[in-house]
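The values are calculated or read from the model by the stated rules, or taken from the named source; none is laboratory data. Small disclaimer: the values here were computed from a predicted structure and weren't measured. Because the Cβ atoms are built from the backbone with ideal geometry, glycine has one as well, and the counts that use them run over all protein chains shown. Calculation scope for accessible area: heavy atoms of the full protein, side chains included, ligands and nucleic acids excluded. Shrake-Rupley method; radii C 1.70, N 1.55, O 1.52, S 1.80 Å.
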Protein chains: 2
Amino acid sequence: MTTGSPARAALIALDWGTSSLRAYRLDATGRTLDTRHLPWGIMRLPQPLQDGAATNALSGFELAFDQACGDWLRAEPALPVIACGMVGSAQGWKEAAYLDVPVDLERIGTLLTVVDRHGATPVHIVPGLIQRHGLPNVMRGEETQVFGVMFDQTGGNADSVLIGLPGTHSKWVNARRGRVTHFDTFMTGEVYAALRGHTILGRTMADAASADMAAFERGVKVAGAPAGRAGVLSTIFSTRALGLTGELAPESQADYLSGLLIGHEIAALAEMLRQQGDLPRIVLCGEPALCQRYILAMQHYGLETPEQAQNATERGLWHLAVCGGLVASSQTIPA
Amino acid sequence: MTTGSPARAALIALDWGTSSLRAYRLDATGRTLDTRHLPWGIMRLPQPLQDGAATNALSGFELAFDQACGDWLRAEPALPVIACGMVGSAQGWKEAAYLDVPVDLERIGTLLTVVDRHGATPVHIVPGLIQRHGLPNVMRGEETQVFGVMFDQTGGNADSVLIGLPGTHSKWVNARRGRVTHFDTFMTGEVYAALRGHTILGRTMADAASADMAAFERGVKVAGAPAGRAGVLSTIFSTRALGLTGELAPESQADYLSGLLIGHEIAALAEMLRQQGDLPRIVLCGEPALCQRYILAMQHYGLETPEQAQNATERGLWHLAVCGGLVASSQTIPA
């Protein structure tokens with residue numbers, strides 16, 4: 001095909017979670033032309049104005065959407081729009097399905113939920129994933145990152161890959177030959193914030209000028225040591241006790257607690273992998289400083305140093321849009 | 001000795017923690033004559049009035065103390081006063097020592113810290129305990145309950161007892177022949193409150209008219225099941241996921257989460273006891289409904305049904321006052 005100016009786009013992709021909204025304008029080869037980061041997560045949308053002159057007040061979702069990409073669409077009205085994340089939850093713009101795991105990755109892109117905007121450009125929402133065997137488990141948004149990692153980093157059909165997505169809720173996703181086969185969730189990030197902000201452990205912490213990685217590693221090691229055998233409900237109290245005995249400075253306590261929690265997560269993960277007799281290739285995808293913490297913990301617990309994936313969300317949204325027929329597959333950058 | 005009227009007291013005993021203050025008036029045999037429960041924990045004391053007429057404004061501790069037992073002392077000015085709990089912490093009225101574990105119980109009573117009240121009745125504060133081997137651990141207040149349990153329930157010299165003190169911070173205390181030899185802390189109660197009040201798990205919970213003990217037991221079982229092997233940072237997310245799949249009603253989610261947390265605590269405890277080859281007699285001491293939850297979990301994880309101790313704090317304060325020479329030992333009720 002012939003392309004227009006370099007600034008011409010082929011897709012608008014939205015990563016729309018609980019606390020923020022990222023918008024990407026992608027060209028016909030899947031490259032990012034523009035990115036915007038707005039505070040309009042689905043739990044804190046802009047308030048519609050109650051303006052007497054307006055006969056149809058726009059919803060919070062429409063207002064946020066317009067700020068994210070209204071001008072892009074006015075310049076190129078035919079652009080398709082795809083979105084992933086909590087925007088497809090029951091509290092979102094429109095509820096999108098959960099697909100049952102195991103699931104073929106390509107199937108995810110063919111089951112997009114359409115938000116009908118009454119003549120304006122519709123929004124196609126990516127389904128989440130649900131796992132019903134064992135304890136049930138769900139994800140929304142991470143399936144798109146997995147898609148991006150699998151297609152960009154592993155060529156889609158890698159034999160066995162474990163994809164780690166550290167964050168508020170860490171996900172560890174097993175994928176094999178184009179299928180998501182299993183995943184686990186750890187609430188590590190949110191538990192850390194709750195312990196720090198809303199328990200006695202936060203009372204003795206002081207802000208630090210920079211991260212104390214020695215304190216972090218000390219915490220990591222405790223999780224798998226004999227002293228940590230009572231589990232995380234017990235070891236976290238040592239954050240306070242080590243402070244009372246003068247063995248852990250107030251400025252180091254937050255990083256020590258971070259090490260404890262990530263250490264317990266990775267120690268449990270490593271043990272599960274060993275029980276399965278399966279040490280797959282691991283790809284980590286997330287905020288770089290947080291990934292660095294996970295890598296230290298993985299090294300301590302005998303896991304191989306993982307690869308790190310970049311831009312997985314926008315890459316996943318692009319590949320899903322291709323699967324869903326929103327953009328032509330021949331336009332995709334060759335791997 | 002000859003006793004006076006039945007209402008004559010021999011000791012004022014205070015259980016003074018972070019969030020509340022309990023005052024006991026005990027007679028010469030250690031029996032409770034009066035009890036008061038005030039909201040004046042050390043973190044929320046009454047505010048001293050800035051009254052221009054008062055040359056010496058009373059501190060928050062003095063004001064709370066006066067409300068708790070000022071009239072008792074005015075009626076019987078010679079009564080000794082003993083106190084335990086966070087009142088002896090660095091944030092308390094006066095910092096009392098931590099005694100190193102292992103420690104002889106009787107020694108605790110001989111090392112009381114005296115708050116000099118400038119001519120008024122002094123207050124004798126019970127020391128806390130500190131454990132420096134392995135991860136450090138501390139207690140303040142629970143040592144007094146242990147004292148009460150050991151002297152009342154076990155005759156002080158039982159061969160090996162494990163005393164469980166469920167609460168905001170659960171303590172499991174090993175005692176043997178009059179000595180505290182080891183203890184563990186689990187932050188189960190405080191973690192429960194933080195998860196419920198300050199994470200996404202609380203968002204889908206609804207208040208229940210009564211406890212759902214079936215949901216509680218379901219949570220207890222998960223902790224030790226194959227589905228729970230990823231540990232508590234992972235299993236807690238099933239509270240939300242089971243709600244999303246319609247398998248757990250909003251009214252049942254808080255009790256399920258309670259079961260998960262207590263289940264992980266007791267599963268870890270049972271495993272540690274088995275590794276030690278030691279299944280001691282267990283005594284449980286705490287709020288009855290909470291103890292009932294712990295008993296269900298202990299039964300599920302193969303521990304014997306524990307005895308339950310009553311009034312351990314006031315009994316402990318009494319025995320400590322005897323050890324410390326504040327009241328005559330010959331006055332104690334025979335066991």
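In region A:198-217, the residues that are over 23 Å from A:A297 (Cβ atoms) reach residues that are surrounded by fewer than 19 Cβ atoms within 10 Å (Cβ to Cβ) and β-branched (V, I, T) with C-beta atoms within less than 9 angstrom, at least six apart or across chains, in these pairs: A:I200/B:T18; A:I200/B:T168. Residues in region A:141-157: is at least one closer than 19 Å to A:G316 by Cβ, within 10 Å of another protein chain (Cβ to nearest Cβ) and open to solvent by less than 50 Å² (accessible area, probe 1.4 Å)? No, region A:141-157 has no match at all. Exactly one residue out of B:V103, B:V115 is over 19 Å from B:A328 (Cα atoms) and either touching a residue at least 60 places away in the same chain (Cβ under 8 Å) or within 14 Å of chain A (Cβ to nearest Cβ) (or both): that is B:V103.
Considering region B:118-140, and only residues there that are at pLDDT 95 or above and assigned to a loop (DSSP other than H, G, I, E, B), the residue that is farthest from the other protein chains (Cβ to nearest Cβ) turns out to be B:V126. Answer yes or no as to whether A:I163 is surrounded by 23 or more Cβ atoms within 10 Å (Cβ to Cβ) and modelled with pLDDT of 90 or more. So A:I163 fits the description; yes. Exactly one residue out of A:L284, A:L269, A:L261, A:L317 is surrounded by 20 or more Cβ atoms within 10 Å (Cβ to Cβ) and more than 28 Å from A:V126 (Cβ to Cβ): that is A:L261. Would region A:103-113 turn up any residue that is open to solvent by less than 30 Å² (accessible area, probe 1.4 Å) and more than 19 Å from the chain's Cα centre (by Cα)? There is at least one residue in region A:103-113 that is open to solvent by less than 30 Å² (accessible area, probe 1.4 Å) and more than 19 Å from the chain's Cα centre (by Cα).
With respect to the conditions (1) within 14 Å of chain B (Cβ to nearest Cβ); (2) out of contact with any Ser or Thr (no Cβ under 9 Å at 6 or more places or on another chain), A:A209 lacks only one, and its number is (1).
In the set (1) farther than 21 Å from A:R22 by Cα; (2) assigned to a helix (DSSP H, G or I); (3) at pLDDT below 95, the condition left unmet by A:H319 is number (1). Scanning region B:176-204 for residues that are within 7 Å of chain A (Cβ to nearest Cβ) and under 30 Å from B:L273 (Cα atoms) yields B:D184, B:T185, B:F186, B:M187, B:T188, B:E190, B:V191, B:A194, B:L195. Which of the residues belonging to region A:246-258 are over 21 Å from A:A297 (Cβ atoms) and either surrounded by 16 or more Cβ atoms within 10 Å (Cβ to Cβ) or small (G, A, S) (or both)? Result: A:G246, A:A249. Of the candidates A:A83, A:A7, the single residue that is at pLDDT below 95 and hydrophobic (A, V, I, L, M, F, W, C) is A:A7. Of the set (1) touching a strand residue (DSSP E or B) at 6+ places or on another chain (Cβ under 9 Å); (2) modelled with pLDDT under 95, all apply to B:G88 but (2). Any residue in region A:291-302 that is among the hydrophobic types (A, V, I, L, M, F, W, C), within 14 Å of another protein chain (Cβ to nearest Cβ) and buried (at least 24 other Cβ atoms within 10 Å of the Cβ)? Yes, that holds for at least one residue. Considering region B:212-226, the residues that are more than 12 Å from chain A (Cβ to nearest Cβ) and closer than 11 Å to B:L261 by Cβ include one that is surrounded by the fewest Cβ atoms within 10 Å (Cβ to Cβ), namely B:F216.
Within region A:227-276, the residues that satisfy the criterion of being of a type outside the set (V, I, T), more than 7 Å from every other protein chain (Cβ to nearest Cβ) and more than 22 Å from A:A208 (Cα to Cα) are A:G228, A:A267, A:L269, A:A270, A:E271, A:L273, A:R274, A:Q275, A:Q276. Exactly one residue among A:G246, A:G302 is over 23 Å from B:D184 (Cβ atoms) and assigned to a loop (DSSP other than H, G, I, E, B), and that residue is A:G302. Restricting A:R74, A:R107 to residues that are in a helix (DSSP H, G or I) and farther than 16 Å from A:I12 by Cα narrows the list to A:R107.
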